Structure formats: C-alpha cells, structure tokens
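Have a look at the structure below before the remarks.
The values are calculated or read from the model by the stated rules, or taken from the named source; none is laboratory data. Computed from a prediction, not measured in an experiment: that's the story for all the values here. Don't worry about glycine lacking a Cβ; one is built from the backbone with ideal geometry, like all the others, and counts go over all protein chains shown.
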C-alpha cells in the first residue's frame, strides 16, 4: 500500500488527481492540506483535512506527497517534502525554472527518493491513438505533425493585463503538448517560437506556435484563446497518407461534469469522435476509414508512480524530459512583448 498526502485542495487535487488515486486499490489517501476551508469540493470520507502542512510532512505513515498548489509554491513544498524523507509527485509545470528542477532531481537522487512531474496528458485518448497510428507504419515516414490545444475564451485575455514568465499562457498550457512531443518524438534539433498577445502589447500572452524540427519531420504545437471553431486536436502527415483526430480526449470533459472514472464509459470516445485515416496502400489503392480511439486513463500515472516507489521500476516521466520542457518554456517566454 502506498500512503499519500496532498498539498492543496483545489481543482487540480479534486478533479485531476483524487478520482484516479482513490480508484487505485494499492493507494491510500490519508491527508489533504489546505490553508483555508474549501467548501467548493465535498470532503472525502475517511480522509484527514488539515490546515497545517506539518501534519503531512511529519507523518511517518505518509510515503508520497503530491503537490497541487499554484506554480510558485511547487519548488518550496517539493524541497520540504524531500527534506522530510518523502517521495514527491508535482503538478505541471514542475517548477518555475529549469535550475530549480535540476536542483530537486539532484537532491532526490542524493536522498534516494522518488520525484516526478504529473504529466497525465501522456494518457490522453487522442495522443495514444496518434501513437498507435504512427507506430503501425500505415502512413509511411512521418513528415509533419500538428498538435492543437484551442479554446474560445476571449473574456480571459480581454480581462487580464500583461503576465510574463510562469504566469503566461505558454507556461500554463504548453506544458501539456510540449511534454507529449518530447515523450514520443524525443528532443528536437531546433525550435522556432511565435509567442505573442493577439490583443496587442500590454495584454496577457494568449497565443503560441512552436515548431520543433527533427531530422526528417516537423512537429508544430499551437494554441489560442480565440478559436471559435477548434482546429483538429492532431493532424499527422506521412508519405503515404494523413490521420486527422478532430476532437480532444474526453476525460476532462467528463470530470467537469462530475462523471467519474468509476463509470465504465468514462472518457470513452463515441464513433463521432473517431479520427479519420486516409492513405494509399502499396498497390496504389485509396482508403479512408475511421480509427477506433484508444482509451485514455490518467490513472496510469498513479500506476507508474506506485510501481516506481514500491518496486523500483523506471520513472514514467524522465528527469531530462521535465528539465528540457521547462527550458523550452523559458526560451519561449522571451518572445512575449511587454
């Protein structure tokens, strides 16, 4: 049994963590810390709710501390957990800077403790489906991949002024798709950045377009707050065809409706959500068909954390991948015009 304490009791903890950790029969959630009583989320039976983080750090039964606070507190709480001999799982973005990330990883190795970033989007249905299509070889050599993470929420950038650094749109949302690219395609040879404010100078960053160049392909990561009609979640171009996955993974959609992973159809794509594969076979015949989506499951992160801590298996998210992701975010925010 792996016993967990959570630092933070907001949306991240209650929407993206607890539904999956509570489902895992090998995990026991013992304590949740919050600075103030949070009445938005129902309290979970048999879980201790405390307003003093030492109730977690000093509890010898708690093996893993999960950090689900605003980004500016990630480094401090993670280091404090390590100092108290706890393993650590940290929400994304992992830290404000790559130097902080390097320090935490080095400190964890020194103390023989586990620390990892919570990259649950590696287990999005659309991303898993894209990987299956690429690995099948049916598209031939991959030439270009487009990854889109769009919204139509103009009220957000219209109501907020300039915010740089870790408070930018790139930092908060690029951490999803950049990690997906690094985890599957590896570290690119070079990157070009288009990170700006569509509303103009002095406003918040509300758009980014990163091109990651590899030996024979380009992976584009694009996101905007001003897409009334979202671009496809993924478009994959190969020498023999194309795969288009229009809709995103549905786990977040269901979680927002409080439709939990305990339901058998949680996060499952319906036929209208399936991607379209179009290709020419070796005999020159044209094909177009739907591809049944893979099943996404954010709980697989907790499965991996459990296996690493209890059985010593390799970490699901490698330290160098997390560091490289933050380096890319750091470089990207230099292009924002104050």
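Given (1) within 24 Å of residue 132 (Cβ to Cβ); (2) outside the structural domain of residue 203 (by TED's automatic domain parsing); (3) touching a residue at least 40 places away in the same chain (Cβ under 8 Å), identify the lone condition not met by residue 319.
(1)
Residue check, residue 53 against (1) within 25 Å of the chain's Cα centre (by Cα); (2) more than 21 Å from residue 20 (Cα to Cα); (3) crowded, with 18+ Cβ neighbours inside 10 Å, all met but one. Which one?
Looking at each condition in turn, residue 53 falls short on (1).
Determine, yes or no, whether residue 201 is surrounded by fewer than 17 Cβ atoms within 10 Å (Cβ to Cβ), touching a helix residue (DSSP H, G or I) at 6+ places or on another chain (Cβ under 8 Å), farther than 27 Å from residue 139 by Cα and assigned by TED's automatic domain parsing to the domain that holds residue 152.
Values: surrounded by fewer than 17 Cβ atoms within 10 Å (Cβ to Cβ): yes; touching a helix residue (DSSP H, G or I) at 6+ places or on another chain (Cβ under 8 Å): no; farther than 27 Å from residue 139 by Cα: yes; assigned by TED's automatic domain parsing to the domain that holds residue 152: yes.
Here the answer is no, as residue 201 does not meet what is asked.
In the range 302-316, what residues are closer than 17 Å to residue 16 by Cα and either free of Cβ contacts under 8 Å to residues at least 40 places away in the same chain or in contact with a helix residue (DSSP H, G or I) (Cβ under 6 Å, 6 or more places away or on another chain) (or both)?
Across the range 302-316, the qualifying residues are 302, 304.
Is there a residue in the range 223-230 that is under 29 Å from residue 299 (Cα atoms), in the same structural domain as residue 185 (by TED's automatic domain parsing) and surrounded by fewer than 20 Cβ atoms within 10 Å (Cβ to Cβ)? Reasoning before the result, please.
Initial filter on the range 223-230 (under 29 Å from residue 299 (Cα atoms)): 223-225, 230.
Imposing the further condition that a residue be in the same structural domain as residue 185 (by TED's automatic domain parsing) reduces the set to 223-225, 230.
Those still in the list that are surrounded by fewer than 20 Cβ atoms within 10 Å (Cβ to Cβ) too: 230.
So far as the range 223-230 goes, yes, one or more of its residues are under 29 Å from residue 299 (Cα atoms), in the same structural domain as residue 185 (by TED's automatic domain parsing) and surrounded by fewer than 20 Cβ atoms within 10 Å (Cβ to Cβ).
Does residue 207 fit the bill of being in the same structural domain as residue 165 (by TED's automatic domain parsing) and within 25 Å of residue 168 (Cα to Cα)? So that I can check it myself, show each step before the final result.
Values: in the same structural domain as residue 165 (by TED's automatic domain parsing): yes; within 25 Å of residue 168 (Cα to Cα): yes.
Criteria met by residue 207.
Any residue that is within 25 Å of residue 15 (Cβ to Cβ) and surrounded by 15 or more Cβ atoms within 10 Å (Cβ to Cβ) - is there at least one of those in the range 134-141?
Checking the range 134-141: not a single residue is within 25 Å of residue 15 (Cβ to Cβ) and surrounded by 15 or more Cβ atoms within 10 Å (Cβ to Cβ).
Would the range 110-126 turn up any residue that is surrounded by fewer than 20 Cβ atoms within 10 Å (Cβ to Cβ), in the same structural domain as residue 14 (by TED's automatic domain parsing) and part of a helix (DSSP H, G or I)?
Yes.
Could you look through the range 299-338, keep only residues that are exposed (fewer than 14 other Cβ atoms within 10 Å of the Cβ) and in contact with a strand residue (DSSP E or B) (Cβ under 7 Å, 6 or more places away or on another chain), and pick out the one that is nearest to residue 161 (Cα to Cα)?
For the range 299-338, the residue satisfying everything is 337.
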